[in-house]
1. Can you list residue pairs whose Cβ atoms sit under 6 Å apart, with the first residue in the range 11-23 being within 20 Å of Lys180 (Cβ to Cβ) and the second being of a type outside the set (Gly, Ala, Ser) and open to solvent by 60 Å² or more (accessible area, probe 1.4 Å)? Count only pairs 6 or more apart in sequence or on different chains.
2. Do we find a residue being under 19 Å from Ala248 (Cα atoms) and touching a Ser or Thr at 6+ places or on another chain (Cβ under 7 Å) anywhere in the range 84-106?
3. Would you confirm, using the coordinates I've provided, whether Leu303 is assigned to a loop (DSSP other than H, G, I, E, B), at pLDDT below 90 and open to solvent by 10 Å² or more (accessible area, probe 1.4 Å)?
4. Of everything in the range 187-205, what is of a type in the set (Val, Ile, Thr) and open to solvent by 50 Å² or more (accessible area, probe 1.4 Å)? Give them in sequence order.
5. Taking Ser213 as meeting all but one of (1) touching a residue at least 40 places away in the same chain (Cβ under 8 Å); (2) within 24 Å of Val117 (Cβ to Cβ); (3) open to solvent by less than 40 Å² (accessible area, probe 1.4 Å); (4) of a type in the set (S, T, N, Q), write down the number of the exception.
6. Which residue pairs have Cβ atoms under 6 Å apart, sit 6 or more places apart or on different chains, and have a first residue in the range 47-67 that is among the polar types (S, T, N, Q) and a second that is part of a helix (DSSP H, G or I)?
7. Give Leu107, Leu97, Leu77 a once-over and let me know the one that is at negative phi and crowded, with 19+ Cβ neighbours inside 10 Å.
8. For the range 110-136, enumerate the residues that are farther than 17 Å from Gly62 by Cα and not β-branched (Val, Ile, Thr).
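The values are calculated or read from the model by the stated rules, or taken from the named source; none is laboratory data. The structure displayed is predicted, hence computed values, not measured ones. Backbone-built Cβ (ideal geometry, glycine too); neighbour counts: all protein chains shown. Ligands, DNA and RNA are stripped out before the accessible areas are found, and what is left, the full protein with its side chains, is counted by its heavy atoms. Shrake-Rupley method; radii C 1.70, N 1.55, O 1.52, S 1.80 Å.
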Amino acid sequence: MKDSTKKIVVFIASAVLLLALPLVLQTQGNAWVRIVDIALLYVLLALGLNIVVGYAGLLDLGYVAFFAIGAYIYALLSSPHLTDTFPAIKAMFPNGLHVSFFIVVPLAFVVAAVFGVILGAPTLKLRGDYLAIVTLGFGEIIRVFLNTLDHPVNITNGPKGILAIDSVKIFGLDLGRMLKLDGFSISSVSLYYYLFLTLVIITVIVSHRLQLSRVGRAWMAIREDEIAAKAMGINTRNMKLLAFGMGASFGGVSGAMFASFQSFVSPESFALMESVMIVAMVVLGGLGHLPGVILGAVLLAALPEVLRYVAGPLQAMTDGRLDASILRQLFIALAMIVIMLVRPRGLWPSPEHGKSLVRRNGKPVADGSIQAHAPGVETPADEVPGEASRPMSINP
């Protein structure tokens, strides 16, 4: 079977599996489909952060802030909170604010991108730990603002959060309600699955095209050596701002989808540990490698839910002396430590270009180093004279 035929078969099989997955899982209960939905949201977040951390090499520990911004934009424009709080808005919209999905999502995309540029502007000269501390502070500032903007003017409803958020409606199809087709029912969580899957596919395509573009190569040059990239004429300032903006925009879209899916948002959902988990997904999967990032996001998003079935029985065996939530965190930490010890570059790292070179006789280079071949020469010119592959002789 040719390689092209194999790729087509794999593509068709993967498509069928992804389309049938929620329909099969919903037969065992909507809880399993919900776990997959949350995993897809984390995949969307990890793909956005991969642009900042994986491509541009900028350590961002405040990425959850953009997630929160997108969620609150959707919540404010698709809930009765603003009309109940401000009589002027209620007079203009007596039936309440129910902004269309096709307006709110692009708005969340743009606003999150603007905040990403705002974050990136003062951090252009920072690197490493200093950049991580500043971005961490930005994430905490956004969370504190969301937690305290309930007085003197109630904008975010403070720690109580925003309730009664509208579900997504696309061309008359309400994803918050079960869809019935000739006696076959598709649950609401399954409908959201297809929406999230579509957004993830679009994000993967955009990320892949960015990676192969001149912009992506410029990001990777900055990641490897910023001084050398600047010396080669790359505008590192604009490239960094673009990385922050593009990465933040995907976080905003994911936040908007999270708000519509949960129908409730509060500042507690956007704590520092969320940022740490998203960074862990990117690093654990493989920095800069899209399949690895997706794998890391799926594993770390689904692992806590799967470990409920392990921590629960252990808690029962100890008569409740061990907290199930603490046990789950312990198992996750142990799994991450083991994986990073065994696979320090991630579960599915990007291939190292140049290490797959082979000699003309078909034998690979043993140490994996890059060795040049001169025209007409069977072995590299820098081998040690006297070896069996190239005995010392005055004759060519």
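1. From the range 11-23, no pairs qualify.
2. Yes, the range 84-106 has at least one match.
3. Considered against the rule, which asks whether it is assigned to a loop (DSSP other than H, G, I, E, B), at pLDDT below 90 and open to solvent by 10 Å² or more (accessible area, probe 1.4 Å), Leu303 comes out as no.
4. Thr198, Ile201, Ile202, Ile205
5. (1)
6. Asn50/Val282; Asn50/Val293
7. Leu77
8. Selection gives Lys125 alone.
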